[in-house]
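Throughout, read-outs are computed from the coordinates displayed, never taken from laboratory work. Only a predicted model underlies this, so the values are computations on that prediction, with no experimental measurement involved. No Cβ is skipped: glycine too gets one built from the backbone with ideal geometry, and neighbour counts run over all protein chains shown.
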Amino acid sequence: MPQASLFSAPPPVSPEGAPRLVAHRTRHRIAPFRFLRAESFEAADILLRANPGAVPMAGGLDVVNRMKEGVTPPAVVWLGAIPGADAITHEGDDLVIGAACRHDQLATSPLVQALLPDLAAVWGRIASSRIRAQGAVVGNVMADVPAYEGPALLAALGAQLTVLANGRSETLALADRQEEATAPVLVTALRVPLAAPSGVRRLVYDRSLRPALAVALSLDVADGQVLAARAVLGAGHARPVVRAVPATGRTLGEMAAQAPDLAAQAFADLPDFTTPWAGRTAYRRRVAPQLLSRLLKEAAR
Amino acid sequence: MIDTAFTLDGAAIAVDAAAAPILADALSGPCGCSGVRVACDHGACGACMVLVDGVPATSCSTLTATVAGRAVTTVAGLRPAQGPPSAVQRAFVEGAAFQCGMCTPGMVLLAEALLDRNPAPERAEVRAWMGANVCRCTGYRAIEDAVLRAAALRSGEEEAPPRSWRPEEAAKVTGTAFFTTDVTVPGLLEAKILRSPHAHARIRAIHTAAAARLPGVVAVVTGADLADLAEPCYGLWVKDQPVIAQDKVRHVGDPVAAVAARDAATALAALALIEVEYEPLPAVATVEEALAPGAPLLFEAPSAGRLGPHGAGVTSLKEPEPNVLYEFRHRMGDVDAVFATADHVFCDSFDFSRMSHACLESIVTIARPMGEGFELWSSNQDPFFLRQDLSDIFGLPEHLIRIHTLHLGSAFGLKSYCKLEPLTVLLARKAGRPVRLALTMDEGFLTLSQHAARLQLQTAVAADGRLLARRSLIHLDAGAYADGSALVADKVGYRVGGPYLWEALDNRALAVRTNTVPAGSYRGFGGTQAAFASESQLDMIARRLGLDPVALRLRNLLPPGVPYRPGDSAIDSDLHAGLEAVAARIGWGRREPPRAPHLARGKGIAIGFKDAGGQGRFAQAQVKVVGDGRAIISCATVDMGQGASEAFRRIVAEVLKMSPANVSRAEVDTDQTAFDQGTHASSATAVTGEAVRRAAEAVRGRILAFAAGQLDVPADALDYRDGAVRHGNESVPLKDLVRGYYGGLGAEFTGQGEIKIETCKEAALFAQIVYWMPNWVGVEVEVDMETGKVALLHLVSAADAGRALVPEAVRGQIEGASMQAVGQTLFEQLVFDGTELLTDTPQRYRMPLSTDLPERFESVIFEQGMGRGPFGAKGVGEAGILGVSSAIANAIEDAVGVRLTALPFTPDKVLAALDAKALDEAGSGPVAV
């Protein structure tokens, strides 16, 4: 990717060589920057290339927060004014969520409610009413804040990012983003695969133990048989931990009956958690399979 | 310059987005919106919320340029000039859905957005929706009710006529409330503090030249500037906290240098140019580390200061051993003898966690040099005490120091005693200009906290359940500096016996220094720590002896009229009646079936208890009746949302027989206002309120004496009511009498009142306690035995107001404090990794939200009428925080048979305790949790 951005690993919070300013994460640290309003994603790509270090912004909550920590982008490229950037569409086998789509739009979209009702229902419970009103889905996904819930849910569904860089559009599986990888500069959309016509796609989610952990489960089912099951552990890592649940080929009844074992297998090798203030790793490893087991039973109903 | 045009509260406006890139600053600055105020600066709390095209948005995290062409609504826009308020505003006022008012604009707008989206929400939807924003005061029940009522008002279902609003109510729901953070004066500079990244280090050198040269910087202050001060350190009794670090830093965040500049951004830029040479030193993170032999010392020499007096049975020591700043010991009876003959002795240990005040208005001070002295506006609970401290520090006579205190955006103890005022004054004097120092919430986390504590209790009990004697050893984690720790140690040590009859007591409390955030006043002030341990252990004892926990308490409770301890004041609440009432409400003795196999239900009960009203307090008040017969109160109680001003108005109104609407309250100004020792220890109603009552009686007497002369009748034949003097069926407006005698230029009548709680060497704390503050709590919990998560099904929290002068405020205090305790019990805490604070931002520091409300939440006000305050009133400000934690611990044991002794009861700890129990039952022996 041509430029580092806020979408890559967080840079140091103060200028090079300067002492760390303890407890001074404040809007008064925001250095002067240029505000560039993009009229299209292509224009945004050009603006980002023309202004090295510039950052794209849709909802803005996290971009602004990082600027308060001392990140000093020379320019912010505003995506919110791009016509249709907040649209949700049905393209082929995917649900396509525009880069400026807010959480609330996703949760209340008739299209989402029709095509992937679990996604709409779950999204209406994440974060808070204010964050859902203000924040963009893509911004949430790309912020790499462990507490955020969007990444886990979308990773469970096998969502892909559509990125635009140097005039070229690419796709990247959300679940494949690596901690050390440089993320795309400009995300134009999220693509959420839908179930095959003959099947059903479920998404269930347990957030009752946040901020320690949260667990999402997506399930593809056809004729009462599990085609695929994917579990995601959220809230404890910058990028959610995605695991396949070995339930493929089982009936829903079998899956429910074997839920504890399946959950234990899926979450057998969880990495250390990176948010120690929110709980001990040992506890989270212990209860993550428990939550997943409950979700497997719930999804089987 | 980037001109951004948008619609603000219905009117077109344009601002320079380059000059004010964040919407909150554009609105509160060039746009002149008084109702937009940043609190957490993280988009976490919602205090600064506005609506953008009808959609909630935190203005602190919205770029101004992004609202171009859009409609921005602030809380002021909900009520057009001279127009009626919105249904939400009205419901918030009439439902007392706010206290300090800092969160109110955001809460009101959030409710508007909900009702625009769904005009008839269910309670569950209201709870979930309103859970977006933080309120530190109310406990959310009142907010939830107000939103539901607003829905009814909007739909026309409810036709009750609106009541008139008090000025502060109108101000809070329309965005015109004025806080210290809103103060500005000509030529004002902004200050910022460079804070230590080290927990413990020697300062070798500080290089400030580059910072001082930065254009816009006016003054830089370091420890070298303390050389000319009369006293460079402050603290209550133990004066160990330097105005700014001198030779050492003692915790992460300790102020090292401060800059005053033309604006905050310049001050921050200057901080980045300051170089500090540190020599890191070994640090102590915990009480255990601090007390270990050979532990690193925070202070190598004794600190300044002098202990307060104590009475019978008490010994107190200043800095008795390394890293211990204070020791309190209270003895009564022959403990050894009683223990030797007791049927049972129980030894248990409890760990109390540590919260931050996290006020939505953090500490803010404006200092302005005035001749040899200075003038101050500061968010401080104790303006006169602060004046005395500043006088000592700067060697100035008190009359050259003038302190104004405005309404506070909550406090909970954060703003008691001296804090950063001397540093602000130092900057202002060096700059020769007024300086404003406003801490961020992040800085607040590093400035003061509650005391973590370990409480080890040994309790001797007779076979029949009689409590006989208690020994306790309490270690408070005082953090790096004393602040109010010595007094907290007094209180925790004196209160740990609880409201029970004992033959003997020996309680020691030590305040121990560690290289962590200083600890000081926090709502409950040692009472929370004491009650958690004591009421937990009582339940444990009852279960061990096979006794009913309620019955055990009823057997041992002190009845009204019996002194708490020999020489002290008598119990002034019917503790038995309160306990029985709460037990009945919680359905004590009945066990409901669990809702699922992995869930278990249990009930718990507790009586939190503390003394209140302060020690040996002195307060004065003045009540003026102006020429038209209306009244103005002058007293120094600081209103921080607790409702003190309205209580005073009602006291005066009752004495002068007029509507409280005809009574106003003057602002606090140490040059003008009647003296008061401070707003703490829930003393406003009972102590200052009594001074106000006496002042009102005095002015009433003067009016009647004056009228008697004018009407030529005996004063005792007259009455004063509704601004008129009455004699039989005759009524003469006071205004007419005044004009008749004093002429058209008018006159006023002034009455003064005061109260002094006399010292008493027979009382342990050298003065009898003003009044006693119980908190009866009953709770039903549901424990998830697979995850350890505890849910509150039903919480009953009760307090004795003596007489509730402002019932809605009393209820709000009980509920707010109880929800604070719920947070502390289940999740809210400062988490340290060694000496490093991990929960150091509002995003990481979890605070209670409306979604944390118990399924059923009842607050109960008893009016038992035995208070020493006006008309039998007591305060209740701290009550609700006292009993909740132990009641929940007791309920958890009732549910699943495990005892949690360390707060907070996170799912992790609960599950670990369940594991330990299972291992124990499997024969593996007890397992440490």
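Summary of computed values
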{"item": "Positive-pole candidate from B:A261, B:G10, B:G333, dipole of the protein assembly as shown, charges at beta carbon", "result": "B:G10"}
{"item": "Neighbourhood charge, 9 Å Cβ-Cβ cut-off, centred on B:S886 and excluding it, Lys, Arg +1 and Asp, Glu -1", "result": "-2"}
{"item": "Electrostatic dipole magnitude of chain B [Cβ: Lys, Arg +1; Asp, Glu -1; Cα centre; debye, to 20]", "result": "820"}
{"item": "Simple Cβ-charge dipole of the protein assembly as shown, Lys/Arg +1 and Asp/Glu -1, about Cα centre, in debye nearest 20", "result": "380"}
{"item": "Nearest 10 degrees, 0 to 90: helix A:41-50 Cα axis against chain A principal axis", "result": "50"}
{"item": "Inter-label distance for B:K735 and B:A12, nm, one decimal - labels placed 7 Å from Cα along Cα-to-Cβ", "result": "4.6"}
{"item": "In order through region B:36-50: 3J(HN,Hα) via Karplus (6.51 cos²θ - 1.76 cosθ + 1.60), integer Hz, x for Gly, Pro", "result": "10, 9, 7, 10, 8, 6, 9, x, 9, 9, x, 4, 8, 5, 10"}
{"item": "Footprinting exposure proxy for A:W277, B:W237 (fewest neighbouring C-beta atoms within 10 Å first)", "result": "A:W277, B:W237"}
{"item": "Choice from A:A216, A:A231, A:A244 showing the highest fluctuation, given a GNM over chain A with Cα pairs closer than 10 Å", "result": "A:A244"}
{"item": "Protection proxy ranking, peptides B:511-518, B:714-721, A:280-287, average beta carbon neighbours within 10 Å, highest first", "result": "B:511-518, A:280-287, B:714-721"}
{"item": "Under 20 Å from the Cα of A:K68 - aspartates and glutamates, other chains or at least 8 residues apart", "result": "A:E16, A:D144, B:D16, B:D25, B:D41, B:E190, B:D263, B:E361, B:D442, B:E443, B:D840"}
{"item": "Average beta carbon contacts from partner chains per residue of B:61-68, 10 Å cutoff", "result": "6"}
{"item": "Global geometry of region B:3-156, whether rounded, prolate or oblate, following the gyration tensor of its Cα atoms and the 1.5 cut on a/c", "result": "prolate"}
{"item": "Simple Cβ-charge dipole of region B:437-536, Lys/Arg +1 and Asp/Glu -1, about Cα centre, in debye nearest 20", "result": "240"}
{"item": "Rounded if a/c under 1.5, otherwise prolate or oblate - chain B, Cα gyration tensor axes", "result": "rounded"}
{"item": "Cross-link table B:K172/B:K909; B:K172/B:K610; B:K610/B:K917; B:K248/B:K415; B:K491/B:K917; A:K297/B:K917, entries beyond 30 Å C-alpha to C-alpha", "result": "B:K172/B:K909; B:K172/B:K610; B:K610/B:K917; B:K491/B:K917"}
{"item": "Virtual spin-label span in nm between B:L400 and B:A209, 7 Å along Cα→Cβ", "result": "3.4"}
{"item": "Region B:35-100, relative contact order in percent, only Cα pairs under 8 angstrom and at least six apart counted", "result": "24"}
{"item": "Cross-link partners of B:K735 among lysines (Cα-Cα below 17 Å; sequence separation of 8 or more within a chain)", "result": "B:K624, B:K657"}
{"item": "Reachable aspartates and glutamates, given that their alpha-carbon falls under 18 Å from the alpha-carbon of B:K789 and they are not under 8 places away in the same chain", "result": "A:D206, B:E780, B:E828, B:D852, B:E855, B:E893, B:D894, B:D908, B:D915"}
